[in-house]
Amino acid sequence: MSQNRSAAVMQQRHEALDSLDDFPTPPWATRALCEQLVARGHPLHLQHVWEPACNRMHMVRPLGEYFDRVHATDVHDYGDPRQDGVIDFLIDWGADAPDVDWVITNPPFRLAADFIRHALRFARVGVAVFVRAAFVEGQGRYVELFRERPEAIVMPFVERVALWKGVLLDPDIKVWRDGRESNPTSATAYSWLVWTHGSEVSEHCRIPPCRQRLTRPGAYPPVPDHLKAPEGSLL
């Protein structure tokens, strides 16, 4: 059997789990993006998308409901057989890059600008990233990204999207933290930023409340043991 010596395979880089910016995206937040794109006339059911920071497939699954094909990769191996590769998205892919219409992802915050610039090289139609609302601020990102490649659409969420490190939590189910029970929430606001090739129009579109409508049965895994109330605690 011949050895695969493609540029992509030869530049693989595996990362330890504790080094990752591991904040899983609630599936309903991805559906909200897809519905906005479909409403703007994008035929997602005929298109292919690449999720290059696929994590535990929480974004891949809803993307698969809208797109014809989802290519899923990550720098870490999460053990899911649907992951197409364990590889660093920011390598020089050369001719080995997947043939896709879109790149859609929740990138590591410190590498988000690099992910966006890299993604724009491969996506025929566009790029969408789930980021903190504050990502649009800062002189550094303006110089390295927004000045030359401004986003086509800014989509802030009206309702809060709750992200926790290393775990996907149902905001309607209480967890135990800091000695008390409370519903999972987040102090951080999030937005989708979208780039489309050839677009010279900048649009600001709020995503209206839609979590309840876009949440499907089985969307959230069971609460992990370390976030359950201690036995005998007063609830």
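From the coordinates of this entry, Cα extents along the principal axes in Å is computed, and it appears in (1) 78, 42, 32; (2) 51, 49, 36; (3) 59, 50, 37 under the label (3).
With a cut-off of 8 Å between alpha carbons and a minimum separation of six or more residues, what is the relative contact order of the chain in percent?
20
Computed from backbone phi, the HN-Hα couplings of the stretch 203-208 come to 10, 10, 9, 6, 8, x Hz, rounded to whole numbers (Karplus: 6.51 cos²θ - 1.76 cosθ + 1.60, θ = phi - 60°; Gly and Pro given as x). Using θ = phi - 60° in the Karplus curve 6.51 cos²θ - 1.76 cosθ + 1.60, the 3J(HN,Hα) couplings for the stretch 73-82 round to 9, 7, 6, 10, 8, 8, x, 9, x, 7 Hz; x is entered for Gly and Pro.
Size estimate for the stretch 152-235 follows the Kirkwood approach: the inverse of mean 1/r over distinct Cα pairs works out to 15.4 Å. Charge dipole (Cα centre; +1 on Lys/Arg Cβ, -1 on Asp/Glu Cβ; no other charges) of the chain amounts to roughly 480 debye.
Residues Asp92, Asp80, sorted by accessible area with the largest first, give Asp92, Asp80 [1.4 Å probe; ligands and nucleic acids excluded]. Binning the alpha carbon pair distances of the stretch 100-201 at 5 angstrom intervals from zero yields the distribution 2, 12, 20, 21, 15, 12, 8, 6, 3, 1, 0, expressed in whole percent. Under the simplified labelling scheme, the Arg117-Ala134 pair shows an inter-label distance of 2.3 nm, with each label point 7 Å from Cα along Cα→Cβ. In this label model, Arg110 and Arg216 are separated by 3.4 nm, measuring between points 7 Å along each Cα→Cβ vector. Find the centroid of the Cα atoms in the stretch 61-76 and in the stretch 19-41, then give the distance between the two in whole Å. One Cα centre to the other: 11 Å. Roughly what angle does helix 112-122 make with the longest principal axis of the chain, taking Cα atoms, 0 to 90 degrees, to the nearest 10? Around 40 degrees separate the two axes. Within the accessible surface of the chain, defined with a 1.4 Å probe on protein heavy atoms only, the carbon and sulfur portion equals 50 percent. Within the chain, DSSP assigns beta bridges of which about 50% are antiparallel (rounded to the nearest 5). Spacing of the modelled spin labels on Asp77 and His197, each 7 Å from Cα toward Cβ, amounts to 3.4 nm.
The values are calculated or read from the model by the stated rules, or taken from the named source; none is laboratory data. Everything numeric in this text was worked out from a predicted model, so none of it was measured. Cβ coordinates were reconstructed from backbone atoms using ideal geometry, including for glycine residues, and neighbour counts include every protein chain displayed. Accessible surface is based on the protein model in full, side chains and every heavy atom, while ligands, DNA and RNA are left aside. Shrake-Rupley method; radii C 1.70, N 1.55, O 1.52, S 1.80 Å.
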